[in-house]
Amino acid sequence: MKYALIGCGRVAYNHLKAAKENGFEIVAVCDIEPDHIFDLYTRAALTPEEAGAIARYEDWNRLFDCEKPTLVSIALPSGLHAACAKDAVRRGIHVIVEKPIALSLQDADELIALARETGAKVCACHQNRFNLAVQEMRAYLEKGCFGVLSNAAVTVRWSRGRDYYSADDWRGTWAQDGGALMNQSIHGIDLLRWMCGGKLATVYGVTRRQYHPYIEAEDVGAAVLQFENGVIATLEGGVNVCGPDLEEHLTLIGSGGTMKLGGLNASTVEYKYFAQEGEAAKNALHEIAPNLYGNGHVSLFKDMAEAIEEDRDPYVTAQDGRDALETVLAVYLSSKTGRPVSLPLKDVSTLDIAGLFD
């Protein structure tokens, strides 16, 4: 399968590694900064021969037209995700898009519509769905072991300081990024919506910029979410931890069972009890990962290749990416208005929230 990587920054190594481990033919990379490509190749320990066989571009459209890849993955700054994905899909190229899939619901909807028209498949890169702990929770859920869900919670308590934000001028801006909920917490938000039934009824949220006056967006946020099926959930996400990253927890509580995932990225089963099993288990599973991004990219890329070969939807769809985006935008909108927000939302973007903390 001919594969190309668009964007060679912070998360790009995980994409290149996943492509290599799945045996893709890596034909090209694209980035406007040569140092990004050099750093990526160094991290990936590519030999001069391997690196020399990969074409380099600064313009993604030129790459699409010259190399004609079957699949591309997009690891650009968030504000460029949708434009690049739409350009690829118009050409019938299949796409894996880093989170968030877009920064506006209009762009997300246009991408979904284009994919439907052209037949190109679009996968939102929410790789934590493939964590072993998350897969175990999902298996219990699909077997009905939780019974009727009552409530759920996700917490993302990480640390990002001035060095992180100053490394790239797009970070923390409304036009190109968003804040701690859109960038760092969106994986946990995706898991929450996926586990709780997907469709949200109302969201009431509060966001603040507590410790990072040099960014535009929030560094912490919290929300109460009510799903159409009656499940109540809470969300807390932020980057204000003093010290290193602390945790990402996901908890589900149902009439037949309780389960809590933890670790740095919901990769550990910290607690589980199911009435049909009759015995509580603590620290039942811990997945070792090389970095905060976990191991899920390899499985996500494998699934996308199989989806293309089998002509089916990928495990994580563009609609899933839209759902996570919609949730964050609902929290933002609620924080701006001071009122609960009813879903579904239409035509909302991060730019509608610009100036919130000015």
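The values are calculated or read from the model by the stated rules, or taken from the named source; none is laboratory data. Here the structure is a predicted model, which means the values were calculated and not measured. Cβ: placed from backbone, ideal geometry, glycine included. Neighbour counts: every protein chain shown.
Here is how the numbers come out for the structure above:
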read-out	value
Complete set of residues in the stretch 338-351 that are surrounded by 10 or more Cβ atoms within 10 Å (Cβ to Cβ) and among the small types (Gly, Ala, Ser)	342, 349
Qualifying residue in the stretch 189-203 (condition: in contact with a helix residue (DSSP H, G or I) (Cβ under 9 Å, 6 or more places away or on another chain), buried (at least 21 other Cβ atoms within 10 Å of the Cβ) and either farther than 18 Å from residue 251 by Cα or not assigned by TED's automatic domain parsing to the domain that holds residue 252 (or both))	yes
Residues located in the stretch 254-288, provided they are under 18 Å from residue 192 (Cβ atoms) and either outside the structural domain of residue 184 (by TED's automatic domain parsing) or part of a strand (DSSP E or B) (or both)	254, 257, 258, 259, 260, 261, 262, 268, 269, 270, 271, 272
Residue in the stretch 209-253 that is surrounded by the most Cβ atoms within 10 Å (Cβ to Cβ), counting only those that are assigned to a strand (DSSP E or B) and free of Cβ contacts under 8 Å to residues at least 60 places away in the same chain	220
Single match in 46, 40 (criterion: surrounded by 16 or more Cβ atoms within 10 Å (Cβ to Cβ), in the same structural domain as residue 308 (by TED's automatic domain parsing), closer than 24 Å to residue 173 by Cβ and of a type in the set (A, V, I, L, M))	40
Contacts under 6 angstrom Cβ, first residue in the stretch 153-166 being of a type in the set (Val, Ile, Thr), partner surrounded by 15 or more Cβ atoms within 10 Å (Cβ to Cβ) and assigned to a strand (DSSP E or B), 6 or more apart	154/235; 154/250; 155/236; 155/249; 156/237; 156/248
Qualifying position, being more than 20 Å from residue 298 (Cα to Cα), assigned to a loop (DSSP other than H, G, I, E, B) and assigned by TED's automatic domain parsing to the domain that holds residue 310, among 92, 79	92
Members of the stretch 289-311 found to be within 18 Å of the chain's Cα centre (by Cα) and either among the hydroxyl-bearing types (Ser, Thr, Tyr) or assigned to a helix (DSSP H, G or I) (or both), listed by number	293, 296, 297, 298, 299, 300, 301, 302, 303, 304
Condition met for residue 154 (under 15 Å from residue 271 (Cα atoms), assigned by TED's automatic domain parsing to the domain that holds residue 271 and aliphatic (A, V, I, L, M))	yes
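Conditions tested, residue by residue: (1) surrounded by fewer than 18 Cβ atoms within 10 Å (Cβ to Cβ); (2) of a type in the set (A, V, I, L, M); (3) at pLDDT 95 or above.
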site: 271; (1), (2), (3): yes, no, yes
site: 277; (1), (2), (3): yes, no, no
site: 302; (1), (2), (3): yes, no, yes
site: 313; (1), (2), (3): yes, no, yes
site: 324; (1), (2), (3): no, yes, yes
site: 336; (1), (2), (3): yes, no, yes
site: 353; (1), (2), (3): no, yes, yes
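Condition check ((1) over 21 Å from the mean Cα position of the chain (by Cα); (2) free of Cβ contacts under 8 Å to residues at least 12 places away in the same chain; (3) more than 30 Å from residue 351 (Cα to Cα)) across all residues:
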site: 39; (1), (2), (3): yes, no, yes
site: 63; (1), (2), (3): yes, no, no
site: 84; (1), (2), (3): no, no, no
site: 91; (1), (2), (3): yes, no, no
